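The structure under discussion appears below in the form of structure tokens.
The values are calculated or read from the model by the stated rules, or taken from the named source; none is laboratory data. None of the values given here were measured: they were computed from a predicted structure. Counting neighbours? That spans all protein chains shown, and the Cβs are built from the backbone with ideal geometry, glycine included.
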Amino acid sequence: MAEIVLGIGTSHTPLLSLPAELWAAYAEGDKANPELVFPPNGWTMRFEEALDYVPASIKARYQGSEPFAGWAARCQRALDELSATLRDAKPDVTIIISDDQDEWFYEGNMPALSVFWGQTAPMIPRKMIPSRNPEVAAAISHGYGDVEFDVPVAGAFGRFLIEYFMEHDFDVGQMTYVDPEYGGRVARRYPTRDGGELDAVRETERHPQGLPHGFAFVIKRLFCNEPSAILPVIQNTCYPPNQVTPKRCFAAGQAIAAAIAEWKEPARVAVVASGGLSHFVVDEELDQMILSGLARKDPDQLCSVPRNRLYSAASESMNWIALGGVMQDQPLNMEVVDYVPVYRTPVGTGGGWAFARWQ
């Protein structure tokens, strides 16, 4: 019989691939980011507009670049700890719950929930983004995969999970292969301060694309490019109008746990949530709401996280909520290895980087 032996939650921000001395250069990009969504209302606004909106208490948390080295060191220690824990557990199957951001899915096809169950999935090093600082771009590309190879996938269990989802009222997408190239358009339909909606569409030219970044980060950083079989479970956390909801994520996690319990093959299963917590703007209240709900195994708290706190990249927190559903009835306890809120500009851009395990 299959059994869950480990749970892991990890942030996967590009900052985690950068040395501290490049954090300030990366932060410069926040000034041009159209996808900044500010708590508590969940309004999208430009950096310049936010200078007049963000309260003084948040601005005071920005201390320039002086704390960056300490914060970076804490994040790397936590990742080292999670990597050792995952590799020591020796899972036969590692289910990775994450999201896709303009990688495999575009508005030509954007499933709310999908499972990749081919026999292998490619790791393809990412091309550097031309507009970025070259050192920053190179480090980010390296952090999401520096070696091209095929990652083994637990295809048989993947099919079983898809069929379990369908039998239990989840309409799930499925993939068994990767196309030679991907590209397309995705609109960011986030609310604006005037009651309207962000008018921003990102277009990505067609290009070879391996595992999306949330999955590739786990392979590269936690598995050190030596993974056992994985199973990618992909949630559309980011993009309205068919974003998943906290309640639905939690229920999907419970279904994953139930499917594992019914799988007849002897297998040690780890489940990893990749992404989050709050970013591109720090929202410590949201982060603590989720972390405390996970620690207490409180489904009411996890399922009632306000939707207006979950636009843009903060939406990746729902990958953790899905993991909470997986762990709800397991005899495994959560330990927060570290939580590092990083304020990298005066308007509170940055993120709440979190690292946790259930064992």
Next on the checklist: Considering only segment 55-65, I want to know if a residue exists there that is surrounded by 14 or more Cβ atoms within 10 Å (Cβ to Cβ), within 19 Å of the chain's Cα centre (by Cα), of a type outside the set (Ser, Thr, Tyr) and under 28 Å from Met334 (Cβ atoms).
Outcome noted: no
Item to check | The listed residue being under 22 Å from the mean Cα position of the chain (by Cα) and more than 15 Å from Gly351 (Cα to Cα), out of Asp52, Asp80 | outcome: Asp80
Item to check | Selection within segment 151-171 - touching a helix residue (DSSP H, G or I) at 6+ places or on another chain (Cβ under 7 Å) and within 30 Å of Cys224 (Cα to Cα) | outcome: Val151, Phe160, Leu161
Next on the checklist: Quick check on Glu316: is it over 17 Å from the mean Cα position of the chain (by Cα), under 24 Å from Pro191 (Cα atoms) and either at pLDDT 95 or above or not in a strand (DSSP E or B) (or both)?
Outcome noted: no
Checklist entry - Is it true that some residue in segment 257-265 is on the phi < 0 side of the Ramachandran plot, modelled with pLDDT of 95 or more and crowded, with 24+ Cβ neighbours inside 10 Å? => result no
Item to check | Residue match in segment 107-121 (condition: on the phi > 0 side of the Ramachandran plot and either assigned to a helix (DSSP H, G or I) or crowded, with 22+ Cβ neighbours inside 10 Å (or both)) | outcome: no
Item to check | Unique match (being farther than 21 Å from Arg202 by Cβ, free of Cβ contacts under 8 Å to residues at least 40 places away in the same chain and assigned to a helix (DSSP H, G or I)) among Ala138, Ala156 | outcome: Ala138
Checklist entry - Is it true that some residue in segment 124-142 is surrounded by 21 or more Cβ atoms within 10 Å (Cβ to Cβ), at pLDDT 95 or above and on the phi < 0 side of the Ramachandran plot? => result no
Checklist entry - Among the numbered criteria (1) crowded, with 18+ Cβ neighbours inside 10 Å; (2) in a helix (DSSP H, G or I); (3) not hydrophobic (A, V, I, L, M, F, W, C), which single criterion is violated by Thr94? => result (2)
Next on the checklist: Please go through (1) assigned to a helix (DSSP H, G or I); (2) within 19 Å of the chain's Cα centre (by Cα) for Glu21 and return the number of the only condition it doesn't satisfy.
Outcome noted: (2)
Checklist entry - If we scan segment 173-195, do we find a residue that is in contact with a His (Cβ under 9 Å, 6 or more places away or on another chain) and small (Gly, Ala, Ser)? => result yes
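Results for (1) in contact with a Ser or Thr (Cβ under 9 Å, 6 or more places away or on another chain); (2) without any contact (Cβ under 8 Å) to a residue 40 or more places away in the chain; (3) under 30 Å from Glu163 (Cβ atoms), shown as yes or no for each residue.
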{"site": "Leu79", "(1), (2), (3)": "yes, no, no"}
{"site": "Ser83", "(1), (2), (3)": "no, no, no"}
{"site": "Asp88", "(1), (2), (3)": "no, yes, no"}
{"site": "Asp99", "(1), (2), (3)": "yes, no, yes"}
{"site": "Tyr106", "(1), (2), (3)": "yes, no, yes"}
{"site": "Ala112", "(1), (2), (3)": "no, no, yes"}
{"site": "Arg126", "(1), (2), (3)": "yes, no, no"}
{"site": "Ile129", "(1), (2), (3)": "yes, yes, no"}
{"site": "Tyr144", "(1), (2), (3)": "yes, no, no"}
Checklist entry - Mind checking which residues of segment 55-64 are without any contact (Cβ under 8 Å) to a residue 60 or more places away in the chain and under 13 Å from Gly350 (Cβ atoms)? => result Gly64
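Which of the residues belonging to segment 186-197 are in contact with a Gly (Cβ under 8 Å, 6 or more places away or on another chain) and in a strand (DSSP E or B)?
Within segment 186-197, the first condition is being in contact with a Gly (Cβ under 8 Å, 6 or more places away or on another chain), and the residues that meet it are 190-191.
The one that is in contact with a Gly (Cβ under 8 Å, 6 or more places away or on another chain) and in a strand (DSSP E or B): Pro191.
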Checklist entry - From the set of residues in segment 210-256 that are among the aromatic types (Phe, Trp, Tyr) and touching a Pro at 6+ places or on another chain (Cβ under 9 Å), which is surrounded by the most Cβ atoms within 10 Å (Cβ to Cβ)? => result Phe215
Next on the checklist: Tell me whether segment 30-44 contains one or more residues that are surrounded by fewer than 18 Cβ atoms within 10 Å (Cβ to Cβ), touching a residue at least 24 places away in the same chain (Cβ under 8 Å) and either of a type in the set (Lys, Arg) or not in a loop (DSSP other than H, G, I, E, B) (or both).
Outcome noted: yes
Checklist entry - Since Gln174 meets every condition but one in (1) outside any strand (DSSP E or B); (2) farther than 30 Å from Ala84 by Cβ, which condition does it not meet? => result (1)
